[in-house]
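J.: One structure is given below, represented as structure tokens, and several questions about it will come after.
The values are calculated or read from the model by the stated rules, or taken from the named source; none is laboratory data. All values derive from a computational prediction rather than experimental measurement. Here the Cβ is made from the backbone with ideal geometry for all residues, glycine too, and neighbour counts use every protein chain on show. Ligands, DNA and RNA are stripped out before the accessible areas are found, and what is left, the full protein with its side chains, is counted by its heavy atoms. Shrake-Rupley method; radii C 1.70, N 1.55, O 1.52, S 1.80 Å.
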Amino acid sequence: MKYYKIRTLDDDGIFPLKTKKFLFKMIKKEYGYGYIPKYHGDIKNLEEVYLNNKRNSFFHCTG
């Protein structure tokens with residue numbers, strides 16, 4: 001059985017950049033299009049929307 005670790009996304013400068021790249025890669029793969037400002041403002045501004053905002057959270061799973 002594989003176990004996963006869930007943790008909050010830390011603003012270390014590198015990890016948010018990798019997360020953005022991953023999310024846009026998955027959007028392109030699954031939906032066939034890239035960044036669209038109308039829909040992806042939260043990803044583009046990941047730090048402001050999720051990391052520096054006490055009312056929002058962003059979690060990732062490692063395993």
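J.: Scan (i) -0.46, -1.11; (ii) -0.24, -1.06; (iii) -0.34, -1.09 for the value of log10 I(q)/I(0) by the Debye sum over Cα atoms at q = 0.12, 0.24 Å⁻¹ calculated from this model and give just the label.
T.: Entry (iii).
J.: Sticking with this one: Leaving out ligands and nucleic acids, and using a 1.4 Å probe, what accessible area per residue does the chain come to in Å²? Each step should come with its number before you reach the end.
T.: On the way: 5300 Å² over 63 residues.
On a per-residue basis, the chain sits at 84 Å².
J.: Roughly how much of Lys21 is accessible, in Å² to the nearest 10, using a 1.4 Å probe?
T.: 140 Å²
J.: Once you put a point 7 Å from the Cα of Met26 and another 7 Å from the Cα of Tyr3, both along the Cβ direction, what distance in nm separates them?
T.: Output for this residue pair reads 2.3 nm.
J.: What's the extension gain from Tyr39 to Asn56 if we count 0.36 nm per residue and subtract their Cα-Cα distance?
T.: Using 0.36 nm per residue and subtracting the Cα-Cα distance, I get 4.4 nm.
J.: Full-extension gain between Glu47 and Lys18, please, as 0.36 nm times their residue separation minus the C-alpha to C-alpha distance.
T.: Fully extending the segment from Glu47 to Lys18 adds 9.2 nm.
J.: Tell me the carbon and sulfur percent of the accessible area for the chain, rounded to whole percent, probe radius 1.4 Å.
T.: So the carbon and sulfur contribution to the accessible surface is 54 percent.
J.: What 222 nm value per residue comes from the helices of the chain, counting each DSSP H run with n ≥ 4 as -39,500 (n - 2.57) and dividing by all residues, nearest 500 deg cm²/dmol?
T.: -12500 deg cm²/dmol
J.: I need the phi-derived Karplus couplings for region 18-30: 6.51 cos²θ - 1.76 cosθ + 1.60, θ = phi - 60°, integer Hz, Gly and Pro marked x.
T.: Result, ordered by residue: 5, 5, 4, 4, 4, 4, 5, 5, 5, 4, 4, 5, 7 Hz.
J.: So what J values fall out for region 41-56 if you push phi through Karplus, 6.51 cos²θ - 1.76 cosθ + 1.60 with θ = phi - 60°, rounded to Hz, Gly and Pro as x?
T.: x, 5, 6, 4, 10, 3, 5, 5, 6, 10, 7, 9, 10, 5, 8, 10
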